[in-house]
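The next block holds one structure in the form of structure tokens; read it before the comments.
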Amino acid sequence: MILCSSPVDIKMEDIVEMTKNYLTKYQVEDVVNDEAVILFILESPHTQEVKYGYPVAGSSGLEMTRFIYNREAEDAFGKIVSQPEKYGDEYDDLEKFSLLNVSPSPMQAGGLKAYDLTVEDKKVVRILEKLRVNYKTKQHRNQEWNQVKEILLDNFKKRLLKALDGLSKLKYLVPCGKLAATYLNLIKDDEELIIKKEIISDIPHPSFNQWSHYDSMEKLKEKLEEIHI
């Protein structure tokens, strides 16, 4: 999909409502299991996640399943963790995992190929694409980018705190990829619920077989063994 410049002059004060609408309209729900010990934090949904309605539904989810269960599985991690009652006989301890995206809606227009996006939606997703690439930048020159980022961070924080508030057994937060780690770092210091959890750092995004090539994955293996996976 080629996103052309919008012919509509959108005012700054409209960005807040547009962004909130976008994050709600294409939202993929988090997967929060009451008995979770580990919460994986991913970047954002894409095509398969939007199609099926849960995080890591595609190839990244498949890599997670294969790494965590150390076998050639054919089920994406989001699929089995979102349905522990269905897949619990085949995969142990599914209830000990939860999944949450930084952005509840796609940060790439390619994730919404099946949708006829409005001018406002295109505007927001263009900005999200820029934020995704420039995740290291704390303050952008473009004030629209800063406004969208502020809304995204607030949305992420509220969903994360809501999840943590209900997960009495949760011990570990695992941000997967640099964007997830960066955004978690931006919100964690002033939130007691987050500070109390151990953050497993330097875990790559589970794409392009990255979980097979990083020494930092040994830290995650140790936590998996601790909860008997």
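Note on the stretch 167-207: residues that are part of a loop (DSSP other than H, G, I, E, B), more than 13 Å from I38 (Cα to Cα) and not polar (S, T, N, Q) amount to 9.
Being modelled with pLDDT of 95 or more, part of a helix (DSSP H, G or I), surrounded by fewer than 23 Cβ atoms within 10 Å (Cβ to Cβ) and touching a helix residue (DSSP H, G or I) at 6+ places or on another chain (Cβ under 9 Å) is a property that I127 lacks.
Within the stretch 217-229, residues that are of a type outside the set (S, T, N, Q) reach partners that are part of a loop (DSSP other than H, G, I, E, B) and surrounded by fewer than 16 Cβ atoms within 10 Å (Cβ to Cβ) with beta carbons closer than 7 Å, at six or more positions or on different chains, in the pairs I229/D92.
Working only within the stretch 187-213, note down all residues that are loosely packed, with under 13 Cβ neighbours inside 10 Å and either among the hydrophobic types (A, V, I, L, M, F, W, C) or without any contact (Cβ under 8 Å) to a residue 24 or more places away in the chain (or both).
Here is the first cut: in the stretch 187-213, the residues loosely packed, with under 13 Cβ neighbours inside 10 Å are 189-190, 192, 195-196, 198, 208-209, 212-213.
Of everything in the stretch 187-213, those that are loosely packed, with under 13 Cβ neighbours inside 10 Å and either among the hydrophobic types (A, V, I, L, M, F, W, C) or without any contact (Cβ under 8 Å) to a residue 24 or more places away in the chain (or both) turn out to be D189, D190, E192, I195, K196, F208, H213.
When K157 is tested against (1) at pLDDT below 95; (2) touching a helix residue (DSSP H, G or I) at 6+ places or on another chain (Cβ under 9 Å); (3) among the charged types (D, E, K, R), only condition (1) is not met. Annotation: of all residues in the stretch 57-80 being over 14 Å from W211 (Cα atoms) and either touching a residue at least 24 places away in the same chain (Cβ under 8 Å) or in a helix (DSSP H, G or I) (or both), the one that is farthest from the chain's Cα centre (by Cα) is I80.
Somewhere in the stretch 164-184, is a residue among the small types (G, A, S), in contact with a strand residue (DSSP E or B) (Cβ under 9 Å, 6 or more places away or on another chain) and at pLDDT below 95? Scanning the stretch 164-184 turns up no residue that is among the small types (G, A, S), in contact with a strand residue (DSSP E or B) (Cβ under 9 Å, 6 or more places away or on another chain) and at pLDDT below 95. Condition check for W145 on (1) assigned to a helix (DSSP H, G or I); (2) in contact (Cβ under 8 Å) with a residue 40 or more places away in the chain: one failure, at (2). When the stretch 149-207 is filtered for residues that are among the polar types (S, T, N, Q) and either farther than 22 Å from L23 by Cβ or in contact with a Ser or Thr (Cβ under 6 Å, 6 or more places away or on another chain) (or both), the ones remaining, listed by number, are S168, S201, S207. Taken over the stretch 15-56, the residue count meeting the criterion of being assigned to a helix (DSSP H, G or I), touching a Lys or Arg at 6+ places or on another chain (Cβ under 9 Å) and of a type in the set (D, E, K, R) is 0. Considering only residues in the stretch 69-127 that are polar (S, T, N, Q) and touching a Phe, Trp or Tyr at 6+ places or on another chain (Cβ under 6 Å), the one that is nearest to Q143 (Cα to Cα) turns out to be S105. Within the stretch 94-110, residues that are within 12 Å of L173 (Cα to Cα) have Cβ atoms under 8 Å from residues that are part of a helix (DSSP H, G or I) and among the hydrophobic types (A, V, I, L, M, F, W, C) in these pairs: F97/F77; F97/V81; S98/V81; S98/A163; L99/F77; L99/V81; L100/L160; L100/A163, counting only partners at least 6 apart in sequence or on another chain.
Report yes if E90 is in a loop (DSSP other than H, G, I, E, B), farther than 19 Å from K158 by Cβ and either more than 12 Å from the chain's Cα centre (by Cα) or at pLDDT 95 or above (or both), otherwise no. Yes, satisfied.
The values are calculated or read from the model by the stated rules, or taken from the named source; none is laboratory data. Nothing here was measured: the structure is a model prediction, and the numbers come from that model. Counting neighbours? That spans all protein chains shown, and the Cβs are built from the backbone with ideal geometry, glycine included.
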